[in-house]
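Working notes, beginning with the structure itself.
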Amino acid sequence: MIEPTSPIYCANHPDVETSLRCNRCNKPICPKCAVRTPTGYRCKECVRSQQKIFETARWYDYLIGFLVGGFLSTLASLLVILVSGMTGFFAWILIAGGASSVAVGISEVLRFVTRKHRSKPLFITILVSIFLGALPVVLFELRILDIWGLIFQGVYLFIAVPIIYYRLSGLHLTQK
């Protein structure tokens, strides 16, 4: 005959009965505290400590990433001015394809200059630099009231920013 075991309770929520345990530290966790990983459920503390291992950015990566990202974004925004001078369907195709290609190029240059160091604050710093790099060109186009130029700048940023973020952070949109 199997003897009943005494119930276990979540380490963070003592009033919640659970049968889950962190597969790293063996701490009892409830479904609210459990984080599903490819290797099983872990507590939030173990996941946080594991993530810190992957943050490799140094202080100078922020500076280099910000400066290079802003400079490249300014150059890309100047290229958008050339495309906005065109009219028709070809201009839309060129901006959509060009923005994604330029974004891939910018992200690869940024990965190179930051030596593939990783950190969420680094990625956010670089994205801010992408916006700020495009800002002088956007303000210029606003000053001369170039509506198509502003629209194309918006399309460039709308396409480029997520591509740069995903390529820098290593996120994949599809599961393998």
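Only residues that are farther than 18 Å from Ala96 by Cα and either under 26 Å from the mean Cα position of the chain (by Cα) or of a type outside the set (Asp, Glu) (or both): list them for region 139-159, please. Break it down stepwise before answering.
At the first step, the residues of region 139-159 found to be farther than 18 Å from Ala96 by Cα are 139-146.
Answer for region 139-159, where residues must be farther than 18 Å from Ala96 by Cα and either under 26 Å from the mean Cα position of the chain (by Cα) or of a type outside the set (Asp, Glu) (or both): Leu139, Phe140, Leu142, Arg143, Ile144, Leu145.
Could you list, in sequence order, the residues of region 38-49 that are out of contact with any Cys (no Cβ under 6 Å at 6 or more places or on another chain) and in contact (Cβ under 8 Å) with a residue 12 or more places away in the chain?
Answer for region 38-49, where residues must be out of contact with any Cys (no Cβ under 6 Å at 6 or more places or on another chain) and in contact (Cβ under 8 Å) with a residue 12 or more places away in the chain: Thr39, Gly40, Tyr41, Glu45, Val47.
What residue, among those in region 114-130 that are in a helix (DSSP H, G or I) and exposed (fewer than 15 other Cβ atoms within 10 Å of the Cβ), is modelled with the highest pLDDT?
Let us first name the residues in region 114-130 that are in a helix (DSSP H, G or I), namely 120-130.
So of that shortlist, the ones also exposed (fewer than 15 other Cβ atoms within 10 Å of the Cβ) come out as 120-121, 124, 128.
Working: Lys120: 83, Pro121: 86, Ile124: 90, Val128: 95.
So, considering only residues that are in a helix (DSSP H, G or I) and exposed (fewer than 15 other Cβ atoms within 10 Å of the Cβ), the one modelled with the highest pLDDT is Val128.
Looking at Leu150, Leu110, which is the one that is under 22 Å from Arg58 (Cβ atoms) and either part of a helix (DSSP H, G or I) or not assigned by TED's automatic domain parsing to the domain that holds Gly65 (or both)? Talk me through it step by step, then tell me what you get.
Details: Leu150 fails: under 22 Å from Arg58 (Cβ atoms).
Sole residue among the options that is under 22 Å from Arg58 (Cβ atoms) and either part of a helix (DSSP H, G or I) or not assigned by TED's automatic domain parsing to the domain that holds Gly65 (or both): Leu110.
Any idea how many residues of region 31-47 are hydrophobic (A, V, I, L, M, F, W, C) and more than 15 Å from Ser19 (Cβ to Cβ)?
The initial filter retains those residues of region 31-47 that are hydrophobic (A, V, I, L, M, F, W, C), namely 33-35, 43, 46-47.
Applying the additional criterion that residues be more than 15 Å from Ser19 (Cβ to Cβ) yields 35, 46-47.
Total satisfying the criteria: 3.
Does Leu67 qualify as being out of contact with any Cys (no Cβ under 6 Å at 6 or more places or on another chain), assigned to a helix (DSSP H, G or I), farther than 21 Å from Thr125 by Cβ and of a type in the set (A, V, I, L, M, F, W, C)? Don't jump to the end; show me each part of the working.
Values: out of contact with any Cys (no Cβ under 6 Å at 6 or more places or on another chain): yes; assigned to a helix (DSSP H, G or I): yes; farther than 21 Å from Thr125 by Cβ: no; of a type in the set (A, V, I, L, M, F, W, C): yes.
No: the conditions fail for Leu67.
The values are calculated or read from the model by the stated rules, or taken from the named source; none is laboratory data. Being a predicted model, the structure only gives us computed values, none of them experimental. Heads up, the Cβs are rebuilt from the backbone with ideal geometry, glycines too, and the neighbour counts pull from every protein chain shown.
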